[in-house]
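Some notes on the structure that comes next.
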């Protein structure tokens, strides 16, 4: 099932999710560094990374949502996509709560609850990331209908004839 939101022939959602996932994971690393060093700079950096990650997550959700609506009803892909999307909404909420708790502290230093929400959010990101991989790698969501090992470039001007479909079969 091809993505409905593409840029230069590629699905946009997978291109965008790397930013929020990376930012939110980096925020947790900064939190750990803050706990180890007690450096307030790490706490501030974590807060900025969380804010940018939340914004990026909302932006990445839009093409994912559009693609989800194109998945046929009653399919496993539709169910997995729903869990993937709902899980990502929940992880953004967890990080938003973590950010708000830090902001209310006045100095961005995370208390125990802010850390718990952030750590829970990054753990959930691992699960939802795996589900996203399941959607693409196993269920073919967002994959070009003409994809194969000899496919022409997505930047080529037209669909050119290809020899028979070449599939890689594990040995």
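The values are calculated or read from the model by the stated rules, or taken from the named source; none is laboratory data. Just so we're clear, the structure is a prediction, and the values are computed from it rather than from any experiment. Cβ coordinates were reconstructed from backbone atoms using ideal geometry, including for glycine residues, and neighbour counts include every protein chain displayed.
Name the residue that is modelled with the highest pLDDT, counting only residues in the range 110-149 that are in a loop (DSSP other than H, G, I, E, B) and exposed (fewer than 11 other Cβ atoms within 10 Å of the Cβ).
Start the filter on the range 110-149 by keeping residues that are in a loop (DSSP other than H, G, I, E, B), which leaves 110-111, 139-149.
Next, from what is left, pick out any that are exposed (fewer than 11 other Cβ atoms within 10 Å of the Cβ): 145, 149.
Values: 145: 83, 149: 88.
Among residues in the range 110-149 that are in a loop (DSSP other than H, G, I, E, B) and exposed (fewer than 11 other Cβ atoms within 10 Å of the Cβ), the one modelled with the highest pLDDT is 149.
When restricted to residues that are touching a helix residue (DSSP H, G or I) at 6+ places or on another chain (Cβ under 9 Å) and not in a helix (DSSP H, G or I), the range 9-52 contains 2.
With respect to the conditions (1) over 30 Å from residue 156 (Cβ atoms); (2) assigned to a helix (DSSP H, G or I), residue 73 falls short on a single one, namely (2). Is there a residue in the range 98-105 that is more than 18 Å from residue 34 (Cα to Cα), assigned to a helix (DSSP H, G or I) and either under 14 Å from the mean Cα position of the chain (by Cα) or touching a residue at least 24 places away in the same chain (Cβ under 8 Å) (or both)? No. Yes or no: residue 70 closer than 26 Å to residue 141 by Cα and at pLDDT below 95? Here the answer is yes, as residue 70 does meet what is asked.
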